[in-house]
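Participant: Handing you a structure now.
The values are calculated or read from the model by the stated rules, or taken from the named source; none is laboratory data. Remember, it's a predicted structure, so these values are computed and weren't measured experimentally. No Cβ is skipped: glycine too gets one built from the backbone with ideal geometry, and neighbour counts run over all protein chains shown. Quick note on the areas: whole protein, heavy atoms, side chains included, nothing else; ligands and nucleic acids left out. Shrake-Rupley method; radii C 1.70, N 1.55, O 1.52, S 1.80 Å.
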Amino acid sequence: MTKKFFVSTPIYYVNDVPHIGHTCTTVVADIIARYHKLLGEEVFFLTGTDEHGAKVAEEAKKVGLSPQDFCDKVSQTFAAIWPKLNIHFDYFIRTTNPQHEKIVQELIQKIYDRGDIYKAKYEGLYCVGCERFYTEADLVDDKCPLHPNKEIQKQAENNYFFKLSKYAPLLIKAIENPTDLNHYQVSPSAKKEEILSKLKAGVGDLSISRANVPWGIPIPWDKSQTIYVWFDALINYYSALKITGKEDFWPADLHLIGKEILWFHAVIWEAMLMAAKLPVPKEVFAHNFYMIDGRKMSKSLGNVIAPQQLMDKFGPEATRYLIASSFPYDKDSDVGLQRFTEKYNADLANGLGNLVARVAKLCETKNYSPSNFESASLKIAGYHDFMQKFQVNLALEEIWKQIKALDVLINNQKPWEKADEEAQTTLTTAVGNILSIAKAVEPFLPETAAKIEKQFAGPKIKSAKPLFPRI
Ligand code: MSP
């Protein structure tokens, strides 16, 4: 049976339009999906939008639209931008989809019926930006650490609570013990340690309903309350499969997310699934953040970069490369237009683009036609290891080492000084290597890889337009 691979991105809030932070996760998820397809696996790649909650309702009000009209509009900007970047998701989930809403209600009802949800009075500090409660100790100068510009709201209401505390010991066991029935991986390792130490420090129960947020899914047994937006949102990963009839892709192989939402994905989600007696995902991977020229990217700082801006300047293929090569695997990564331009010129115009042009030209002048070199395989050292661990930036570095090495080899062997016959050996090596480089970059640069493969397939290899003109 073909191996199945299900990868997801977070579903993005529609209170914001797509920026390069969202693009980072979505491009990398697409690269991982394409890589697993190349391995012959059957892949399901999911992305979408998170549309309920106070934050979205507030934003809709600001622009004078009904919440649903507002969601329709912004959701579309996400759904439309990804294909322009050659991102091929298999389904785009929206949490206002009535089918999703129904599945959420069924799941919460199931957990309620099993006795893991109870009603209690709650008092807490709520940040609408994060859509979550904080304790006094979490705050920095009485403000949310992630949204210092937003007022923290003191809230006291009767809520339904999920018995998260009951699951803490089971979660610790499941993360730590690879033979546990519910084992799942939290990665990279620093993130795993972070989650384990928080779990061991003690976990309270979680308020999962709201009395005063009408823009949400009603609690099925008490319509005066709506379901907490995170409880609703996390279920997208499961509801999407039910909606598309692809339940056999559950449990997910990989939830790719940013570091700020790790607790929801590596703790709350698994506890919800255990309570509903469903298998937990196999891996949650949280990456770090892009910083723009050393600062947090934010609307108020006015330093947000939109994916369209990058595409206008560099084209979609190079944008994918620039995003993936600066992937903030386990450290924040400083990006910016200046850096991207330098990287584009060094790696794509001068690096890959130049090598391909150079070898094609040599083949043309030396009348080389490809004969019987072995079919290009993905044999670049280290490449698979890095791809399996989602270290896409390092996988690219491996490929670029090969590009440099091939350049050096050609410089040393000087095929242009040799007679046509003698030059053949060097060119066979060069063309074989270019084809294996093309295969390895395919998940990153699908159109470029196809162009290279076509150009070097013969019978006559000819020069072509530069792949990446200098900027
Ligand atoms: N709606 C929730 C997720 C629910 S998933 C069940 C949410 N949405 S969000 O629109 O705020 O998107 C957050 C995600 O966008 C991060 O987890 C990360 O994947 C990506 N990024 C946002 N800013 C980023 C950077 N500056 N750098 C890299 N990625 C970041 O949270």
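Participant: Which residue, chosen from Leu435, Thr425, Pro446, occupies the Cα position most advanced towards the positive end of the dipole of the range 377-471, where the dipole is computed from +1 (Lys, Arg) and -1 (Asp, Glu) charges on Cβ about the Cα centre?
Facilitator: Sorting the options by dipole projection puts first Pro446.
Participant: Using the Cα centre of the chain as origin and beta-carbon charges of +1 (Lys, Arg) and -1 (Asp, Glu), tell me which of Gly129, Pro415, Val203 is placed farthest towards the positive end of the dipole.
Facilitator: The one lying farthest along the dipole's positive direction is Pro415.
Participant: Charges at C-beta only: +1 for Lys and Arg, -1 for Asp and Glu. How large is the resulting dipole of the range 1-92 about its Cα centre, in Debye rounded to 20?
Facilitator: Values: 9 positive and 11 negative charges, 44 e Å.
Rounded to the nearest 20 debye, it is 220 debye.
Participant: I would also like to ask the following. Residue-wise, which Karplus ³J(HN,Hα) couplings in Hz belong to the range 228-236, taking 6.51 cos²θ - 1.76 cosθ + 1.60, θ = phi - 60°, and x for glycine or proline?
Facilitator: Per-residue couplings from phi come out as 3, 4, 6, 5, 5, 5, 4, 5, 3 Hz.
Participant: While we're looking at this one, here's another question. Under a Cβ-only charge scheme (Lys and Arg +1, Asp and Glu -1), can you give me the dipole magnitude of the chain about the Cα centre, in debye to the nearest 20?
Facilitator: Approximately 500 debye in magnitude.
Participant: What order do Lys191, Lys37, Lys62 take when sorted by accessible area (1.4 Å probe), most exposed first?
Facilitator: Largest accessible area first, the list is Lys62, Lys37, Lys191.
Participant: I would also like to ask the following. Please tell me the relative contact order of the chain in percent, rounded to the nearest whole number, where contacts are Cα pairs under 8 Å and at least six residues apart. Walk me through the intermediate numbers first.
Facilitator: Numbers: 754 pairs, mean separation 72.7, N = 471.
That works out to 15 percent.
Participant: Same structure again: Given q = 0.07, 0.08 Å⁻¹, what are the Debye log10 I(q)/I(0) values for the chain, with equal point scatterers placed on the Cα positions and solvent ignored?
Facilitator: Results for the chain at q = 0.07, 0.08 Å⁻¹ read -0.42, -0.53.
Participant: Further, regarding this structure: Show which lysines lie in cross-link reach of Lys343 when reach means a straight Cα distance below 23 angstrom and same-chain residues fewer than eight apart are skipped.
Facilitator: By straight Cα distance, Lys343 reaches Lys84, Lys296, Lys313, Lys331, Lys401, Lys404, Lys439, Lys451, Lys465.
Participant: Might you tell me the accessible area per residue for the range 236-275, computed with a 1.4 Å probe and given in Å²?
Facilitator: Averaged over the residues of the range 236-275, the accessible area is 22 Å².
Participant: OK, next. Rounded to the nearest 20 debye, what is the charge dipole size of the range 141-227 about its Cα centre when +1 sits on each Lys and Arg Cβ and -1 on each Asp and Glu Cβ?
Facilitator: The calculated dipole for the range 141-227 is roughly 100 debye.
Participant: How much length, in nm to one decimal, is gained on full extension between Ser369 and Lys259, taken as 0.36 nm per residue of separation minus their Cα-Cα distance?
Facilitator: Result for the pair: 34.6 nm of gain on full extension.
Participant: Let me ask something else. Choose one of Phe78, Leu139, Ala120: the residue whose Cα lies farthest towards the positive end of the charge dipole of the range 44-164 (beta-carbon charges +1 Lys, Arg; -1 Asp, Glu; about the Cα centre).
Facilitator: Phe78
Participant: Take the solvent-accessible surface of the protein heavy atoms, probe 1.4 Å, and return the percent of it on the range 108-177 that carbon and sulfur atoms account for.
Facilitator: 47 percent
Participant: For a Förster distance of 51 Å, can you work out the FRET efficiency between the beta-carbons of Thr425 and Asp293, rounded to the nearest 0.05? List each step's numbers first, then the result.
Facilitator: Details: r = 48 Å, r/R0 = 0.94.
Using R0 = 51 Å, I get an efficiency of 0.60.
Participant: Please list Trp82, Trp250 in order of solvent-accessible area, largest first, computed with a 1.4 Å probe with all protein chains present. Display every interim value, and only then the final one.
Facilitator: Values: Trp82 0, Trp250 30 Å².
Highest to lowest solvent-accessible surface, that is Trp250, Trp82.
Participant: Determine the relative contact order of the range 1-105: mean sequence separation of Cα pairs under 8 Å and six or more apart, normalised by residue count, in whole percent.
Facilitator: On the way: 136 pairs, mean separation 36.3, N = 105.
Relative contact order for the range 1-105 comes out at 35 percent.
Participant: If you average the sequence gap of Cα pairs under 8 Å that are 6 or more apart and divide by the length of the range 135-250, what percent do you get for the contact order?
Facilitator: Worked out over the range 135-250, it gives 19 percent.
Participant: Ignoring ligands, DNA and RNA, how do Glu131, Glu342 rank by accessible area with a 1.4 Å probe, largest first?
Facilitator: Glu342, Glu131
Participant: Rounded if a/c is under 1.5, else prolate if a/b beats b/c, else oblate: with a ≥ b ≥ c from the C-alpha gyration tensor eigenvalues square-rooted, which is the range 270-419?
Facilitator: oblate
Participant: Each label point is 7 Å from the Cα along the Cα-to-Cβ direction; what then is the distance between the points at Asp180 and Ala156, in nm?
Facilitator: Roughly 3.8 nm, to one decimal.
Participant: On to the next question. Once you place label points 7 Å from the Cα toward the Cβ at Asp142 and Glu247, how far apart are they in nm?
Facilitator: So the label points at Asp142 and Glu247 sit 5.2 nm apart.
Participant: Turning to a different aspect of this structure: Go ahead and estimate [θ] at 222 nm for the chain from helices alone: -39,500 (n - 2.57) per DSSP H run with n ≥ 4, summed, over the residue count, rounded to 500.
Facilitator: Value at 222 nm, helices only, nearest 500: -14000 deg cm²/dmol.
Participant: Ok, one more. Compute the FRET efficiency between Glu41 and Tyr118 as 1/(1 + (r/R0)^6), taking r as their Cβ-Cβ distance and R0 = 35 Å, and round to the nearest 0.05. Let's see the in-between values first.
Facilitator: Details: r = 42 Å, r/R0 = 1.20.
Calculated value: 0.25.
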